[in-house]
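Input: a single structure, listed below in structure tokens.
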Amino acid sequence: MTADRASLVPLLRAVGLTRRFGGLTAVDAVDVDLEVGEVHAVIGTNGAGKSTLINMLSGEMPASAGQIQFAGRDITHWPQAQRARAGVGRSYQRTTIFPSFSVLENCRLAAQAAHPRAWALWEAADRCPQSLRAAHEALEATGLEDDAHRIAGSMSHGGKRQLEIAMCLATRPRVLLLDEPLAGMGAEETDRMLALLDQLKVEHAVMLVEHDMDAVFRVADRITVMVNGQVIASDLPEQVRSNRDVQIAYLGTEQ
Ligand SMILES: Nc1ncnc2c1ncn2[C@@H]1O[C@H](COP(=O)(O)OP(=O)(O)OP(=O)(O)O)[C@@H](O)[C@H]1O
Ligand SMILES: [Mg+2]
């Protein structure tokens with residue numbers, strides 16, 4: 001870590017974050033920092049603990065040990081809803097849209113769920129102007145405005161993944177925790193998503209969990225490598241690419 005990075009408070013910071021499932025330590029004393037302006041990729045083999053890490057950061061799963069700070073505040077014990085309201089947003093490894101609702105309605109419901117007024121969740125969209133505005137802004141940011149009135153289930157796979165990012169943006173997050181947003185995408189859809197991430201990082205701190213190494217090295221400003229729950233490297237992409245431990249454990253490119 002360089003001196004100027006160390007002097008800044010990161011937007012989201014995990015220190016010694018650990019999750020045990022019985023005898024298995026799925027995430028083992030992980031330190032990770034997310035900053036606005038950076039795409040921080042987290043890579044690692046299946047079962048390395050990447051989704052569990054996101055689940056703890058988003059508040060879906062309590063940590064067994066360690067601490068999470070958001071903008072300098074200790075949020076380790078905050079429930080997910082409180083973190084979402086504060087600005088911690090996430091997307092899921094498996095698609096989580098409402099397929100029979102329109103693209104716009106999906107975003108509006110996501111906005112309302114994150115900033116609920118108890119009586120308002122199912123009211124008509126035109127009677128909830130704040131959520132509707134957030135939904136439209138999210139569609140604009142993701143380039144989905146023309147699809148606003150399409151039924152979500154009729155979108156292409158790539159379109160659905162983009163919609164999930166839009167649903168996350170509709171909650172007005174400052175941190176985006178994205179779990180394999182590129183999974184199953186073709187080359188063109190991947191290009192579009194990477195361009196979107198590049199754009200989103202300007203105003204957000206982005207964590208990208210991803211298996212597509214080509215995409216990771218194209219978009220990441222920093223890469224953390226996990227093996228069996230532990231971080232074996234966390235550095236700039238070129239340093240990670242040439243790290244011998246990483247090559248042996250994960251990239252499979254040792255020469
Ligand atoms: N709710 C749970 N109960 C018990 N074990 C779990 C639970 N969730 C995850 N695990 C285990 O924790 C380990 C890490 O899982 P996790 O889903 O975080 O991995 P991952 O890095 O996201 O993998 P993938 O790349 O396949 O998505 C795995 O061994 C998994 O079986
Ligand atoms: Mg996973």
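The values are calculated or read from the model by the stated rules, or taken from the named source; none is laboratory data. All of these numbers come straight from a predicted model, not from anything done at the bench. In this analysis, Cβ positions are derived from the backbone assuming ideal geometry, glycine residues included, and neighbour counts consider all displayed protein chains.
Per the conditions (1) more than 30 Å from ILE151 (Cβ to Cβ); (2) under 15 Å from the mean Cα position of the chain (by Cα); (3) within 16 Å of ligand 2 (Cβ to nearest atom), the sole criterion not satisfied by ALA26 is (2).
Summed over region 139-154, the residues that are of a type outside the set (D, E, K, R), out of contact with any strand residue (DSSP E or B) (no Cβ under 7 Å at 6 or more places or on another chain) and surrounded by 19 or more Cβ atoms within 10 Å (Cβ to Cβ) give a count of 3. Count, please, the residues in region 17-54 that happen to be within 20 Å of PRO173 (Cα to Cα) and more than 12 Å from ligand 1 (Cβ to nearest atom). Final tally of qualifying residues: 10. Screening VAL36, VAL103, VAL88 for residues that are of a type in the set (A, V, I, L, M, F, W, C), surrounded by fewer than 21 Cβ atoms within 10 Å (Cβ to Cβ) and more than 16 Å from ligand 2 (Cβ to nearest atom) leaves exactly one candidate, VAL36. Of all positions in region 235-248, none carries a residue that is touching a residue at least 24 places away in the same chain (Cβ under 8 Å) and within 25 Å of THR25 (Cβ to Cβ). Going residue by residue through region 163-185, is there one that turns out to be touching a residue at least 12 places away in the same chain (Cβ under 8 Å), assigned to a loop (DSSP other than H, G, I, E, B) and basic (Lys, Arg)? The answer is yes, given that some residue of region 163-185 is touching a residue at least 12 places away in the same chain (Cβ under 8 Å), assigned to a loop (DSSP other than H, G, I, E, B) and basic (Lys, Arg). Mind listing whichever residues of region 88-119 are within 16 Å of the chain's Cα centre (by Cα) and modelled with pLDDT of 95 or more? Scanning region 88-119 gives a single hit, VAL88.
Filtering region 120-134 to residues that are modelled with pLDDT under 85 and not in a loop (DSSP other than H, G, I, E, B) leaves ALA125, ASP126, ARG127, PRO129. Can you find even one residue in region 195-202 that is acidic (Asp, Glu), in a helix (DSSP H, G or I), in contact with a strand residue (DSSP E or B) (Cβ under 9 Å, 6 or more places away or on another chain) and crowded, with 20+ Cβ neighbours inside 10 Å? The answer is no; no qualifying residue exists.
Can you work out which of the residues in region 169-181 that are of a type in the set (A, V, I, L, M) and either more than 16 Å from ligand 1 (Cβ to nearest atom) or more than 30 Å from GLN130 (Cα to Cα) (or both) is surrounded by the most Cβ atoms within 10 Å (Cβ to Cβ)?
Restricting to residues being of a type in the set (A, V, I, L, M) and either more than 16 Å from ligand 1 (Cβ to nearest atom) or more than 30 Å from GLN130 (Cα to Cα) (or both), the top hit is ALA170.
The one condition from (1) touching a Ser or Thr at 6+ places or on another chain (Cβ under 6 Å); (2) within 13 Å of ligand 1 (Cβ to nearest atom) that GLY89 does not meet is (2).
Mind checking whether some residue in region 45-62 is in contact with a Leu (Cβ under 9 Å, 6 or more places away or on another chain), more than 16 Å from ligand 2 (Cβ to nearest atom) and of a type in the set (Gly, Ala, Ser)? Scanning region 45-62 turns up no residue that is in contact with a Leu (Cβ under 9 Å, 6 or more places away or on another chain), more than 16 Å from ligand 2 (Cβ to nearest atom) and of a type in the set (Gly, Ala, Ser). Scanning region 25-76 for residues that are of a type in the set (A, V, I, L, M, F, W, C), in a strand (DSSP E or B) and touching a helix residue (DSSP H, G or I) at 6+ places or on another chain (Cβ under 8 Å) returns ALA26, VAL27, VAL30, VAL32, VAL39, ALA41, VAL42, ILE43, ILE68, PHE70.
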